[in-house]
Each structure stands twice: as C-alpha cells, then as structure tokens.
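This report concerns only the one structure given below.
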Amino acid sequence: MNLGRAIKLCRTQKNMKQSELADIADISVSYLSQLERGSRDPNFSTVQNIATALNIPVSILVFLGADSSELGGI
C-alpha cells in the first residue's frame, strides 16, 4: 500500500500545491510531504480529511494506493 503515491497523484491531477491541500485537510505541509514520500503512514482520520479535501471517496484513494500484488483477486 502506497497511499502517499495516491495522494500525490490526485493532488497533481487537480493542480493543487502541497500547501493548498495541507491547508484544506488541516495538516502541516511537512507532514503532507512526508506522506507523499512514504516516510510516514497516515491514520484513518487523516486519510478521510485528505480525501475530502481532494473531493474524492476514501475508497478511490485506497484503490489508487494499492500495490498490484494486493489487487490479485480483482
């Protein structure tokens, strides 16, 4: 699972800066940067806040962050 990759993908597709997303999701820019680099793992409430800020369902964010090995049954 690489939620950071999914967050960055969605953020860049929406042409948002890290500072914009961090502000809307009520997290610090440094924490968002750590998430996107994969050096930190978010808790579920943070994932919810980020998904809401990106205007996407949490399930889409999780799906985009899934590794191919995790999707073997699909």
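The values are calculated or read from the model by the stated rules, or taken from the named source; none is laboratory data. Everything numeric in this text was worked out from a predicted model, so none of it was measured. We place every Cβ from the backbone using ideal geometry, glycine too, and count neighbours over all the protein chains shown. Just the protein is used for accessible areas: all its heavy atoms, side chains included, with ligands, DNA and RNA removed. Shrake-Rupley method; radii C 1.70, N 1.55, O 1.52, S 1.80 Å.
Looking at (i) -0.26, -0.31, -1.54; (ii) -0.31, -0.37, -1.38; (iii) -0.23, -0.28, -1.46, which value of log10 I(q)/I(0) by the Debye sum over Cα atoms at q = 0.11, 0.12, 0.28 Å⁻¹ comes from a calculation on the structure shown?
(iii)
Placing +1 on the Cβ of each Lys and Arg and -1 on the Cβ of each Asp and Glu in the chain, which of 64, 16, 32 has its Cα farthest towards the positive end of the resulting dipole?
Selected residue: 16.
Charges only on Cβ, +1 for Lys and Arg, -1 for Asp and Glu: so what's the dipole of segment 15-70 about the Cα centre, in debye to the nearest 20?
Dipole of segment 15-70, to the nearest 20 debye: 80 debye.
Roughly how tilted is helix 44-54, in degrees to the nearest 10 and between 0 and 90, from the longest Cα axis of the chain?
Helix 44-54 sits roughly 70 degrees off the main axis of the chain.
Determine the share of the chain's accessible area contributed by carbon and sulfur atoms, expressed in whole percent, with a 1.4 angstrom probe.
Carbon-and-sulfur percentage of accessible area, whole number: 49.
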